[in-house]
Amino acid sequence: MSKWNEEFFIEKGLLLTAITSVIIIALIIIFIFREGLPALESVGFFSFIFGMEWAPSNGQYGIFPMIIGSLGITALSLLMAVPLGVLCAIFLAEIAPNTMRKILNPTIQTLAGIPSVVYGFFGLVLLVPFMRVQFGGTGFSMFTASVILTVMILPIIVSVSEDALRSIPLEYKEASLALGATHWQTIKNVIFPAAIPGIITSVILGMGRAVGETLAIIMVAGNVVQIPGSILDPVRALTSNIAIEMGYATGVHYNALFATGIVLVFMIIVLLIIANYFHYKKKVTIGGGYL
């Protein structure tokens, strides 16, 4: 096979792979909309989104408390995971000795591969009783779910942020040190700002994992459909609602769960647009490309 033919087939093969991926995603979204739209037409869009009661046996399908639950769990987990993850990435990329890096990197990567049900069991057996003793109540709460999610998304944020910090050209660091800046000043004023687009990408990936997580959240969040008065109250996330009730739902109830999926898709799209906006605003241009 000539070089030209080889390049032609590789190019077309990659194009076919990309198109196939887009078609699969489009088909999934079309299926979710086809199953969910009857519920939105039956209940009413605003009644469905802003309704406060979820009681399928009484024909009430309001998901607003679950939207608050999903956003609250995601926001709390990001609030804890982003500072921890970024600081850990800075340590691994700039400060840690090679020996320690060789131990910590595989350990963090292993955490990313642990099934979510294992995290759920850990939360159910250890974290929920701990929260019950320390803060009262049942221990099943938005805060407990956020702590579990923090542990789950931490490896993603650390790994991607470390790669972003390591991708900064060495000349940046050498120029800063040559001007008399200390190592910490170089990290704070040169390396970290240049790596912000990559760090934002790590937050996007972590956020996507947090919004979409289901099993571990079901096991520790309490699954009560209510707007929480505090972070120690039980909540139900949108993903949990679908997983818990899909097994026996029929009719409008069945369609309402797919409509919940539509809302979830829109939430993720909005969050990605916001995150990508900040990613674009903070990009660093070098030559013909950017970091």
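The values are calculated or read from the model by the stated rules, or taken from the named source; none is laboratory data. As the structure is a prediction and not an experimental result, all values here were calculated from the model. Positions of Cβ are generated from backbone atoms using ideal geometry, with glycine treated the same way; all protein chains shown enter the neighbour counts. Note: areas computed on protein heavy atoms with side chains; ligands, DNA, RNA excluded. Shrake-Rupley method; radii C 1.70, N 1.55, O 1.52, S 1.80 Å.
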Could you provide, to the nearest whole Å², the per residue accessible area of the chain with probe 1.4 Å? 54 Å²
Relative frequency of Cα-Cα separations exceeding 18 Å in segment 1-137, percent: 80 percent
Taking N as the number of residues in segment 102-142, the ratio of its alpha carbon radius of gyration to 2.2 N^0.38 Å works out to 1.52
Only helices at least 27 Å long along their own axis, judged from Cα atoms, and with Kyte-Doolittle mean hydropathy of 0.0 or greater: name those in the chain from DSSP H. 3-43, 64-90, 142-166, 192-212, 251-281
Over segment 137-285, with a single point scatterer placed on each C-alpha, what log10 of the ratio I(q)/I(0) does the Debye formula yield at q = 0.09 1/Å? -0.43
Please list the radius of gyration and Dmax for segment 206-276, considering alpha-carbon atoms only, with Å as the unit. 13.2, 38
D (µm²/s, integer) via Stokes-Einstein for segment 96-181, Kirkwood Rh across alpha-carbon pairs, 4 °C, 1.567 mPa s: value 82 µm²/s
Spherically averaged projected area of segment 1-56 from its Cα convex hull (nm²): 5.8 nm²
Given the whole protein assembly as supplied and a 1.4 Å probe, what does the accessible area of residue 281 come to in Å², nearest 10? 130 Å²
If ligands, DNA and RNA are left out, what is the accessible area of residue 162 with a 1.4 Å probe, given in Å² to the nearest 10? 10 Å²
Under the rule of -39500 (n - 2.57) per DSSP H run of 4 or more residues, summed and divided by the residues of the chain, what mean residue ellipticity at 222 nm is obtained, to the nearest 500 deg cm²/dmol? -24000 deg cm²/dmol
dims of the chain, Cα set, principal axes, largest to smallest, nearest Å -> 71, 61, 34
Compute the separation of the alpha-carbon centres of segment 32-95 and segment 159-229 and state it in Å as a whole number. 22 Å
Relative contact order of the chain, please, whole-number percent, based on alpha carbon pairs below 8 angstrom and at least 6 residues apart. 26 percent
Taking only C-alpha pairs under 8 Å that are 6+ residues apart, what is the relative contact order of segment 107-251 in percent? 32 percent
Computed FRET value (nearest 0.05) for residue 6 with residue 277, which takes r as the C-beta separation and R₀ as 41 Å: 0.55
